[in-house]
1. Scan (1) in contact with a helix residue (DSSP H, G or I) (Cβ under 7 Å, 6 or more places away or on another chain); (2) modelled with pLDDT of 95 or more; (3) not basic (K, R) for the single condition L125 breaks and write down its number.
2. Out of the residues in the range 1-19 meeting the condition of being assigned to a loop (DSSP other than H, G, I, E, B) and of a type outside the set (V, I, T), tell me which one is modelled with the lowest pLDDT.
3. Among the listed residues V122, V136, V110, which satisfies the condition of being part of a loop (DSSP other than H, G, I, E, B), crowded, with 17+ Cβ neighbours inside 10 Å and touching a strand residue (DSSP E or B) at 6+ places or on another chain (Cβ under 6 Å)?
4. If a residue must be within 19 Å of V49 (Cα to Cα) and at pLDDT 95 or above, how many such residues does the range 103-122 contain?
5. When only residues in the range 64-81 that are exposed (fewer than 11 other Cβ atoms within 10 Å of the Cβ) and assigned to a strand (DSSP E or B) count, which is modelled with the lowest pLDDT?
6. Need at least 3 residues that are farther than 30 Å from N47 by Cβ per element, so show me which strands (runs of 3 or more DSSP E) inside the range 141-243 make the cut, counting only ones lying wholly within it.
7. Exactly one condition in (1) under 27 Å from E202 (Cα atoms); (2) in a loop (DSSP other than H, G, I, E, B) is not met by A23; state its number.
Amino acid sequence: MTKNLKESNAKRFLDAYNNIDYALKTRYGLNRAMGFSDLIRKSVVMNSVIRKYEDELIDYGRLRNAIIHNNNEDFIIAEPHDSVVEDIERIERLLTTPPKVLDTIGSREVLVTYAGKSMREVIMLMASSNFSNIPVYKNNELIGVANGQKIINSMGTFLLSGGKCSSFLDNVQIEDMLSKLQDSNYYVVKKADCTIEEALGEFDKNHKLLAILFTKNGNNNEMPLGIMTGANVVEAQKILENY
């Protein structure tokens, strides 16, 4: 006998399942005929939410086939448990209406400094603000991020080469220090609508990443609207878990 799908757990489950299927295929340009299990495995490398819930989603793909008869979603032969429906709906929300960084953890005012500042001024700014990552601008263009650990390393190199501490503090400008850094992949700039999942993906693929700056269009010639650092990763993960 065909069951009335209105408000049923099966209807809710199938709606969430279909929305996940459609969202992933559309977002990543995948074949519409691809099976759900293959879709999930393909998306693992591109999406941290899928990576985290891979096993559950593959199980839900099997459950979907057990719920319907002959691929006819109007003919329900089983009703999933409440907890299962709530779980797949939560995963659906994470994929289709994901929380954005600037709506959650990254919306605080960003302190910036400028290329001509001495190392003493930058260090004092860090000490007074308690920020260890401060974007540096020159002629309204981002040229790098002043980072506490990198400043210490640069000072150490300067001292080892025979320089004096006072000379480093007063004669070296932050622009000079940044220009001598051999790695520039410790920060990235993303658009203001960046999701938490996308931001966590940046930290996941680059273990040297210290900060993500968010600007209106993700360009270096725009002032930052927010910032996310490695210290925010655990908080971001908790937001996704409770979303």
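1. All conditions are met except number (1).
2. Let us first name the residues in the range 1-19 that are assigned to a loop (DSSP other than H, G, I, E, B), namely 1-8.
If we keep only those that are of a type outside the set (V, I, T) as well, we get 1, 3-8.
Numbers: M1: 37, K3: 46, N4: 47, L5: 47, K6: 53, E7: 70, S8: 90.
Per the criteria, the residue is M1.
3. Working: V122 fails: part of a loop (DSSP other than H, G, I, E, B); V136 fails: part of a loop (DSSP other than H, G, I, E, B).
Checking each option against the conditions leaves just V110.
4. In the first step, residues of the range 103-122 are kept if they are within 19 Å of V49 (Cα to Cα); the result is 103-105.
Within this subset, residues satisfying the condition of being at pLDDT 95 or above are none.
So the answer is 0.
5. N72
6. Values: elements: 141-147, 187-191, 211-215, 226-229.
Where strands (runs of 3 or more DSSP E) fall fully within the range 141-243 and carry at least 3 residues being farther than 30 Å from N47 by Cβ, they are 141-147.
7. Only one criterion in (1) under 27 Å from E202 (Cα atoms); (2) in a loop (DSSP other than H, G, I, E, B) is unmet by A23, namely (2).
Let's see how each residue does on (1) within 30 Å of E198 (Cβ to Cβ); (2) touching a His at 6+ places or on another chain (Cβ under 6 Å); (3) not assigned by TED's automatic domain parsing to the domain that holds G201:
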residue: I68; (1), (2), (3): no, no, yes
residue: I77; (1), (2), (3): no, yes, yes
residue: D82; (1), (2), (3): no, no, yes
residue: E86; (1), (2), (3): yes, no, yes
residue: E92; (1), (2), (3): yes, no, yes
residue: K117; (1), (2), (3): no, no, no
residue: E121; (1), (2), (3): no, no, no
residue: Q149; (1), (2), (3): yes, no, no
residue: S154; (1), (2), (3): no, no, no
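The values are calculated or read from the model by the stated rules, or taken from the named source; none is laboratory data. These numbers come from a predicted model, not from an experiment. Positions of Cβ are backbone-derived with ideal geometry, glycine not excepted, and every protein chain shown enters the neighbour counts.
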